[in-house]
Amino acid sequence: MRDLTAPRAGDDVASVSEALIGEVPVGEVPVDEGQATAAFVQPGQGADEEASPASAGTWRRLARQRGAVVAAGWLLLLVLAATLAPWVTLHAPAAQDLLHSFGGPSASHWLGTDDLGRDVFSRLVYGARSSLQVSFESVALALVLAIPVGLFAGYRGGQVDNIVMRFVDGGMSVPPLVLALAVVAALGPGANNASLALAIVFMPAFTRLIRGQTLAVKEETFVEASRSLGTPPVLIVARRVFPNVVSTIIVQASLTLGGALLAEAALSFVGLGAQPPSPSWGSMLQQAYSTGLFTHAWSLVVPGAAIAAGVLAFNTLGDGLAAALGVGRPSNGRRRRWGKSRLSRGLTRVDRGPVTAPPAPRSPDGDTSRDTLLSVEGLRVVLDTSAGPVPAVEDVSLRIGEGEIVALVGESGSGKSLTSMAIMRLLASPPAAVAAGQVTFAGQDLLSMDLGELRRIRGRDIGMVFQDPMSSLNPSIRVGEQIAEAVRLHERVARRTARERAVQMLVEVGIADPAARMRCYPHELSGGMRQRVMIAMALVCGPRLLIADEPTTGLDVTVQAQILELLRRLRRERMAVLFVTHDLGVVADLCDRVAVMYAGQIVEEAPIDDLFARPRHPYTEGLLRASRSAQDAIGESAAITGSVPALGRRPAGCHFHPRCQYAIDLCRTVDPPLVRESGRYERCHRAAELTLRGVA
Amino acid sequence: MNAPAYAAPPAAEIIDAQVHYTRRGWPGRTATVRAVDGVSLSIMPARTLGLVGESGSGKSTAARVLLRLLEPTSGRVLLNGHDVTAVHGRELRALRRQTQMVFQDPYSSFDPLASLADSLSEALRGRAERGAERLAAAAELMAQVGLSPSLLSRHPRELSGGQLQRAAIARALAAAPSLVALDEPVSSLDVSTQAQIVSLLHSLQAQTGLAYLFISHDLSVVRRLSHDVAVLYLGRVVESGPVSAVYERPRHPYTAALLSAVPIPDPARQRSRPRIVLQGDIPSPSNPPSGCRFRTRCPWAMPVCAQTDPPATTTEDGVTTYCHLHSDGPRLAGESVLTLGDRPDTTA
């Protein structure tokens, strides 16, 4: 649901609704919450998509996996047949007919008969009873023991955890089958004892898994919130930790059931499981093995196939559950971030969709100054949603000259990140596709360019810094090597030279002791350092253009100051920057020109001083006032009310009119054209007549 | 903090708190990390103390000590005048409700699988027993923070960051605390949302007389909400006092650097401001510099800074600074660092 929007917590389209909320009397909520939350609907993915284990979304995702559905169906059939055995079989499983031993399949004996003339089909069905029973019993028993122990050890930690884990290690260091054999040998053969033995075998792995998950969940902020509320530990574990561990347990249980089926068969095969005359798959296999191995291979195939199919079904179901429940993916707390990473995963999956005919060059400006480095003309990005294709970025045009720093600002959901990714063709397609427009970099058309050629430009001529550095760095390679690799990818230099350049770059982004940091893996660095490593990587080839999406968000102000200083210096060396941000302070500090985006359009563009001193679009005025009231000691109420319109629900006329205090009838019906006047543009019907307030 | 003299004791106070971790390694390589090294803070009812510093300065650790979420290695914690350093177990759990926390990322501070109603009624344990009562109280809290009670059935991911941060504030209020620690409560939000959350916090304090501990590395937001401010560097307070005095006349070079690092949204003013860009990172707290801890990054470092801990200098406007510039030299003697015209290491 929150997908297309940002990884930053508040960076989402609905947050503007706050502007309104704060101004009304307590208790009244003017915003349409439905709209606020439905603001950005991820294509083909509903709100319930990332929901709790029991939610409808999980079932739907599971149902989408054919393998898992077939597996579940097969297992259901097995359980039904086993439960209803007397009604689905024609013969008693132990009824002997020595005259027809080793009979082939027939109308009466669907799968033939065994060495004693017993019906193989009914033995198979009755055998499923004991095989499945032992599997389910053993896993259930193991869970009953492992869940409390694992939760306790994980949550309590310390010495308790240490002791429990040594027992677990001990249990896991004995070969499982040997352990099971030993237990059964001690307790005596039989189905119940086999269950107990297998439970003991499975318990250590379950305990370890649950304890590990508990350790991870325990570190989540919401557990600390519960602690500070004075919630007793028992309740925290039961209500907060356990539910967040359940999905992992379910998946592991399903996978272990397959192992249990196999282990039961092994125990029965050696005569320690279900005792004759009651059949089980393992004992059928053993009987067939000892009496008909060479003469009647068929009798081996039937129980063998049953075992194989059962195990396969459990494993497939387990994998399906893992995918449906999101196990093995980032933790619950982070799941909401899939959205953005989904889009930026386009780092490998590149939008190859054909771009519709380049639009008629709009160029009303005639501003074709020779040193234009990047020009974007009429860019239109469409997102494929369940409600059909929806325009997310509409008619965006932008120019960046050499050595120029242009800011792209706007609230979350305005389409600024989509625009910056579209320029580099980094949108994941589907759902996003460039539907129209032209992107020209140093005279080359980026959108129609061959991918190999584009790759040479990316990183060498155009550096990129995106949010969320952890997902953009390779976790298993030392950061120094990753930076040096970036150099060697584009230039034929010696490994050593590349490394020296990497060290130099780390110094420039303000990392102390760069030689030591070079040897670190990404996870060993703080978030601020990782961000700076990303910036170093983007800058190490000396690009002519840097596209930076919130590069300093989340950094300490002191580090941010270092980065801004570095960018200022590189500008003097003619590097241009497209700086995507929501921080107008940073814009004021660094940029030459500002483009303000709202609801997928650039609504105003102007040189920095003009924009701040004399905004010409009401939205810009509102943004300026909001950022001032957030910073200054003066308690000024924010100017913008309402919320950013949902994707696909953008109003007719000027998209901003429902929130604009200056709106007139014309604004409600007619889309304002982009008007150019003395080096600045705006998209507002009343720009000429209004006098808006800038910063004094 | 020279707050005006109140008859009431401070809502919360820590005295000379230290938090040391031992990082075990091979023999001889065991390091002691001094995350907080002798910090004293005190917050009066209905007042806000801003706690600022870079990441690694120990501000979150100090806050967790104050909230009794973390055991200090030494030092004392007082809540409403009572020494609670030695309280443990069930009593401690009851005590913790007196201090609440609002975290930076509202999404990770709520159980993703629990509805808001569930999270809020957990916070209402002990205040209202029956389910219906709790639900009514939860609805009331939602209204208090400007959210519709109809959102109670929603799960965290179904709300915007701003809405969820309001819910986090509601949850903190549910425990009827006397102090709420706000750990970067707005730094992950959009600008317009930030302003709204700040004014919500403002009006809540006016209504209820709550004390706030406002933790942030962004000094501009701190100024909007705080009465007093304490600047932390490597586990020590380097400067503290009334917010206007500290902001207008920073006595410590670190405070001055932090202030100059926050760009203001006005290009003309921003360009003319002096910039003090600190080089490098905050050093490791396992091996802090001798003498003044800031000296390795200080543009005005003197030989004496490496030798002795800087003494406290208190000025008549209530600011206490730990810096040799005021006692040795002696160049400043209580004047603002900004009066030093000839900054050796700055770019204009």
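Figures for the structure shown
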quantity: Cβ neighbours within 10 Å from other chains - mean over B:143-151; calculated: 5
quantity: Ranked order, A:Glu550, A:Glu565 - accessible area, probe 1.4 Å, largest first; calculated: A:Glu565, A:Glu550
quantity: The protein assembly as shown - convex hull of alpha carbons, volume per residue in Å³; calculated: 214
quantity: B:Val19 long-range amide H proximity, modeled H, under 5 Å; calculated: B:Ala35, B:Val36, B:Asp37, B:Gly38, B:Thr73
quantity: Shape category assigned to region A:476-577 from the gyration tensor of Cα positions, a/c cut at 1.5; calculated: oblate
quantity: Residue mean of other protein chain beta carbons inside 10 Å, B:110-120; calculated: 6
quantity: Heavy-atom SASA rank of B:Ser42, A:Ser476 (probe 1.4 Å, accessible area, largest first); calculated: A:Ser476, B:Ser42
quantity: Calculated diffusion of region B:4-120, Stokes-Einstein form, Kirkwood radius summed over Cα pairs, 10 °C and 1.306 mPa s, µm²/s; calculated: 98
quantity: FRET efficiency, 1/(1 + (r/R0)^6) with R0 22 Å, evaluated for A:Gln275 and A:Leu145 via beta carbons; calculated: 0.30
quantity: Peptides ranked, highest mean first, by Cβ atoms within 10 Å: ranges A:179-188, A:219-228, A:677-686; calculated: A:219-228, A:677-686, A:179-188
quantity: Local electrostatic count at B:Tyr21 - Lys and Arg +1, Asp and Glu -1, tallied over other residues with Cβ under 14 Å; calculated: +2
quantity: Spin-label proximity, B:Ser40 to region B:196-231 - amide N less than 18 Å from point 7 Å beyond Cα toward beta carbon; calculated: B:228-231
quantity: Solvent-accessible ranking of A:Met464, A:Met172, largest area first, probe 1.4 Å; calculated: A:Met172, A:Met464
quantity: Per-pair calculated FRET efficiency, R0 = 41 Å: B:Gln279 and A:Arg488 via Cβ, rounded to 0.05; calculated: 0.90
quantity: DSSP bridge orientation in region B:104-242 - percent antiparallel, rounded to nearest 5; calculated: 55
quantity: Karplus (6.51, -1.76, 1.60) ³J(HN,Hα), θ = phi - 60°, over region A:501-509, in Hz, Gly and Pro reported as x; calculated: 5, 4, 4, 4, 5, 5, 4, 5, 8
quantity: C-alpha center-to-center spacing [region A:97-174, region B:87-119] in angstrom; calculated: 42
quantity: Rounded to 5, the percent of DSSP beta bridges in chain B classed as antiparallel; calculated: 60
quantity: Mean residue ellipticity (222 nm) of the protein assembly as shown, computed from DSSP H runs ≥ 4 via -39,500 (n - 2.57), nearest 500; calculated: -13000 deg cm²/dmol
quantity: Using a Förster distance of 35 Å, the FRET efficiency for A:Leu312-A:Asp513 (Cβ separation, nearest 0.05); calculated: 0.05
quantity: Spacing of the two label points (7 Å from each Cα toward its C-beta) at A:Trp87 and B:Thr314, in nm; calculated: 8.8
quantity: Antiparallel bridge percentage (DSSP; both residues within the protein assembly as shown; nearest 5); calculated: 60
quantity: Centroid-to-centroid separation of region B:128-170 and region A:606-626 [C-alpha atoms, Å]; calculated: 36
quantity: Solvent-accessible heavy-atom area per residue, rounded to whole Å², over the protein assembly as shown at 1.4 Å; calculated: 39
quantity: Number of partner chain Cβ atoms within 10 Å, mean per residue of B:255-265; calculated: 6
quantity: Computed lengthening from A:Asn162 to A:Leu98, 0.36 nm per intervening residue step minus Cα-Cα distance; calculated: 17.1 nm
quantity: For chain B, the longest site-free run once GluC sites (Glu not before Pro) in DSSP loop states with at most 12 other Cβ atoms within 10 Å are removed; calculated: B:130-315
quantity: Net length gained if the chain between A:Arg568 and A:Ile477 were fully extended (0.36 nm per residue, minus Cα distance); calculated: 29.7 nm
quantity: Compactness index (Cα Rg / 2.2 N^0.38 Å), region A:408-525; calculated: 1.24
quantity: Where labels lie 7 Å past Cα in the beta-carbon direction, separation of A:Ala652 and A:Leu116 in nm; calculated: 8.4
quantity: For region B:196-271, alpha-carbon Rg relative to the globular expectation (2.2 N^0.38 Å, N residues); calculated: 1.20
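The values are calculated or read from the model by the stated rules, or taken from the named source; none is laboratory data. On a predicted model such as this, the values are computed, not experimentally measured, just so you know. Note that we place each Cβ from the backbone using ideal geometry, even for glycine, and neighbour counts take in every protein chain shown. Keep in mind that these areas ignore ligands, DNA and RNA; they rest on the heavy atoms of the full protein, side chains included. Shrake-Rupley method; radii C 1.70, N 1.55, O 1.52, S 1.80 Å.
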